[in-house]
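Asks: Can you keep this structure in mind? I'll have questions shortly.
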Amino acid sequence: QVQLVESGGGLVQPGGSLRLSCAASGNAFSGYVMGWYRQAPGKERELVARITSGRSSYYADSVVGRFIISKDNVKNTVYLQMNSLKPEDTAVYYCNRVTGSLLNWGQGTQVTVSS
């Protein structure tokens, strides 16, 4: 059973940056589109960035130009570099597959953007 472990969240001021990591216990990425999702209080989980097996990346309009998704297949890790953070980016961030069957969700990592 593949496990996903997200890390790197925290409290940051508006305009700041964070780098999130998602490590998989097994080979969860090969052949799949992987993505970063987020869920803010009272809202549904949304996909904010995804990366294909060929490393093409796509972003939600709300984060384009500010977030960068990348991955390391050797380390079975997906990253999300978040720049120019805004209060509306506050949420719990998760990674998972975008194509194929979803893996069990990890615990996520809390990102809070506040002055």
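Asks: Residues of segment 35-53 being surrounded by 20 or more Cβ atoms within 10 Å (Cβ to Cβ) and modelled with pLDDT under 95, which ones?
Replies: none
Asks: Would you check which residues across segment 33-47 are over 19 Å from residue 23 (Cβ atoms) and under 13 Å from the mean Cα position of the chain (by Cα) and list them?
Replies: 39, 45, 46, 47
Asks: What is the residue count in segment 61-73 for residues that are in a strand (DSSP E or B) and crowded, with 18+ Cβ neighbours inside 10 Å?
Replies: 3
Asks: Related question: Which of the residues spanning segment 18-28 are open to solvent by less than 60 Å² (accessible area, probe 1.4 Å) and among the hydroxyl-bearing types (Ser, Thr, Tyr)?
Replies: Answer for segment 18-28, where residues must be open to solvent by less than 60 Å² (accessible area, probe 1.4 Å) and among the hydroxyl-bearing types (Ser, Thr, Tyr): just 21.
Asks: Continuing with the same structure: Here is a check on your reading of the model: is residue 4 within 15 Å of the chain's Cα centre (by Cα) and within 22 Å of residue 63 (Cα to Cα)? Step through it out loud before you land on a result.
Replies: On the way: within 15 Å of the chain's Cα centre (by Cα): yes; within 22 Å of residue 63 (Cα to Cα): no.
So residue 4 does not fit the description; no.
Asks: Moving on. Does residue 93 satisfy being among the hydroxyl-bearing types (Ser, Thr, Tyr), in contact with a strand residue (DSSP E or B) (Cβ under 9 Å, 6 or more places away or on another chain) and closer than 18 Å to residue 5 by Cα? Lay out the reasoning, then the answer.
Replies: Values: among the hydroxyl-bearing types (Ser, Thr, Tyr): yes; in contact with a strand residue (DSSP E or B) (Cβ under 9 Å, 6 or more places away or on another chain): yes; closer than 18 Å to residue 5 by Cα: yes.
For residue 93, the condition - among the hydroxyl-bearing types (Ser, Thr, Tyr), in contact with a strand residue (DSSP E or B) (Cβ under 9 Å, 6 or more places away or on another chain) and closer than 18 Å to residue 5 by Cα - is met.
Asks: Condition first: modelled with pLDDT under 95 and either closer than 15 Å to residue 90 by Cα or open to solvent by 40 Å² or more (accessible area, probe 1.4 Å) (or both). Now tell me which residues in segment 1-17 satisfy that.
Replies: Hits for segment 1-17 are 1, 3.
Asks: Conditions first: (1) without any contact (Cβ under 8 Å) to a residue 12 or more places away in the chain; (2) polar (S, T, N, Q); (3) open to solvent by 60 Å² or more (accessible area, probe 1.4 Å). Residue 56 passes all but one, so which condition is the exception?
Replies: For residue 56, the exception is condition (3).
Asks: Continuing with this model, one more query. Which residue out of 104, 76 is touching a strand residue (DSSP E or B) at 6+ places or on another chain (Cβ under 8 Å), at pLDDT below 95 and open to solvent by less than 60 Å² (accessible area, probe 1.4 Å)?
Replies: Exactly one residue qualifies, and that residue is 76.
The values are calculated or read from the model by the stated rules, or taken from the named source; none is laboratory data. Keep in mind that this is a model prediction, so the values were computed, not measured. Backbone-built Cβ (ideal geometry, glycine too); neighbour counts: all protein chains shown. SASA here: full protein model, heavy atoms, side chains in, ligands and nucleic acids out. Shrake-Rupley method; radii C 1.70, N 1.55, O 1.52, S 1.80 Å.
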